[in-house]
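Taking it in order: structure first as structure tokens, then the write-up.
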Amino acid sequence: MATEEEILARVKPGCICKGIKLYVILQAIENGAETFEEISTITGIGGGSCKSRRCGEKVALLLEKQKQQA
Ligand code: FES
């Protein structure tokens, strides 16, 4: 059963300009991606109109959270 956080990640945006949902980024991190570049390659974020400004900050926070939980 999915947690509330997982359900919200399916509707929350990860990359607004490309329409990539947050859970796609979370899955990449869960599968071992450790840098923005790796996540960008896997998910396609970072190449949109924000040029990594918006999503870069979001990914940095998610990676930091992941490190704290490890
Ligand atoms: S939010 Fe789309 S490339 Fe950054």
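The values are calculated or read from the model by the stated rules, or taken from the named source; none is laboratory data. Because the structure is a prediction, the values reported are computed rather than measured. Heads up, the Cβs are rebuilt from the backbone with ideal geometry, glycines too, and the neighbour counts pull from every protein chain shown. These area figures cover heavy atoms from the full protein model, side chains too; ligands, DNA and RNA do not enter into them. Shrake-Rupley method; radii C 1.70, N 1.55, O 1.52, S 1.80 Å.
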Quiz item: Applying the Karplus parametrisation 6.51 cos²θ - 1.76 cosθ + 1.60 with θ = phi - 60° to the phi angles of region 7-16, what ³J(HN,Hα) value in whole Hz is obtained for each residue in order, glycine and proline being reported as x?
Solution: 5, 5, 5, 6, 9, 6, x, x, 10, 5
Quiz item: Hey, which aspartates and glutamates would be in cross-link range of residue 65, C-alpha to C-alpha under 13 Å, not counting anything within fewer than 8 residues on its own chain?
Solution: 30, 34, 57
Quiz item: Please state the relative contact order of the chain as a whole percent: Cα pairs under 8 Å, 6+ residues apart?
Solution: 26 percent
Self-check item: Charge sum, other residues only, whose C-beta stays under 14 Å from residue 22's C-beta, Lys/Arg counted +1 and Asp/Glu -1
Solution: +2
Quiz item: Put 11, 24 in order of accessible area, largest first, 1.4 Å probe: what do you get?
Solution: 11, 24
Quiz item: For region 6-70, which GluC sites (Glu not before Pro) are in a loop by DSSP, counting at most 16 other Cβ atoms within 10 Å?
Solution: 34
Quiz item: Using θ = phi - 60° and the Karplus curve 6.51 cos²θ - 1.76 cosθ + 1.60, what whole-Hz ³J(HN,Hα) does each residue of region 44-57 get, with Gly and Pro shown as x?
Solution: x, 6, x, x, x, 5, 6, 6, 6, 5, 6, 6, x, 5
Exercise. Work out, in µm²/s and without decimals, the Stokes-Einstein translational diffusion coefficient of the chain at 4 °C, 1.567 mPa s, Rh from Kirkwood over C-alpha pairs.
Key: 107 µm²/s
Quiz item: What is the magnitude of the charge dipole of region 4-69 about its Cα centre, with +1 placed on the Cβ of each Lys and Arg, -1 on the Cβ of each Asp and Glu, and no other charges, expressed in debye to the nearest 20?
Solution: 360 debye
Quiz item: If you find the alpha carbon centre of region 1-37 and of region 38-63, how far apart are they in angstrom?
Solution: 11 Å
Quiz item: Once amide H atoms are placed 1.01 Å from N in the peptide plane, what residues at a sequence separation of 5 or more from residue 14, or on another chain, have their amide H within under 5 Å of its amide H?
Solution: 20, 21, 22
Quiz item: Which listed residue (32, 55, 1) has the Cα farthest towards the positive end of the charge dipole for the chain, taking +1 on Lys and Arg C-beta and -1 on Asp and Glu C-beta about the Cα centre?
Solution: 55
